[in-house]
Amino acid sequence: MPRKRNLETATKTPQDEQKSVQDKENEENPPKRRSTRSTRNTRSMVEDGGAVASPEKKKKPLAFVKYRGAIKYFTNGNEIAEASDSLMQFVEKQPGDDLVPISFDMEWPFSFQTGPGKSAVIQMCADEKCCYVFQLTNLKKLPAALVALLKHKRVRLHGVNVKNDFRKLGRDFPEVNSDDLIVNGQDLGTWCNEVCETGGRWSLDRLADYLLDKAIDKNKKVRMSKWHVIPLDENQLMYAAVDVYIGQLMYRELERRAKIKHENETKFIEKNGEEAFKAVKALGENFINEKSDELAI
């Protein structure tokens, strides 16, 4: 009796046989499934808070800050002393007894072979329309007037990571007591974390981006240039001035936010009580918003 042929086998084509082999392989080694769980991309992490940046909200590149005020540049000890006296007079003429903020920064040469050189430049800004640049190359000792200005009881020197600058200045010029400057000074990154309730360490350019929506041109060629060589060129002078100018703007912005925060917290507590305030704070409210005191509870 003739054997009955399977119709399916009889009608299989070479393509069907190849597909069958692939199906069998897939059963034995199933393809890897793409996980639906979102993963954290380290390139999209915000450096200060660790939050993942939203792909839909890509920030447009910001234009570099332009400083259009005066730059008063001095290299001679007597001229630096006179300029320091002028700054002290400016401080003492300010009304009231409040501290007078002066943006402070320093520059020095750096070599990958020998490391950091001696402090070469001090730049300061007490008024956004005028920045002072003191080049220290020819000085064996800082003028007494400059030292007096730095430790003046009404002066609040401020900057980003400014404590490191104070320590270096004290090492290079022992007539400066760096501990006194640290006690009276204000680190803008630390202050920002307190007022805005952010976290992490800040650089000058990142803090300017966060607080002011402004960018700073940190040109490596200028930043790593020979700051001890007299005279400084126009690019170096502008770089030095922009750093302290933007520092003064950031101080004013933090001062504004701190005032709003204090007023909103006070109003909220008066209206709702301490327990409600603690509860709202626990939910993440920082009270910087103009209408934070009107929060519903």
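Nothing in this text is a laboratory measurement; each read-out follows from the coordinates by a stated rule. Remember, it's a predicted structure, so these values are computed and weren't measured experimentally.
So here's what we get for this one:
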item: Over 30 Å (Cα to Cα) - which of K72/K226; K168/K220; K140/K214; K60/K163 fall in this group; result: K140/K214; K60/K163
item: Translational diffusion coefficient (Stokes-Einstein; Kirkwood radius from C-alpha pairs) of region 148-224 at 4 °C, 1.567 mPa s, in µm²/s; result: 93
item: Volume in Å³ per residue [convex hull over Cα atoms, computed for region 63-258]; result: 122
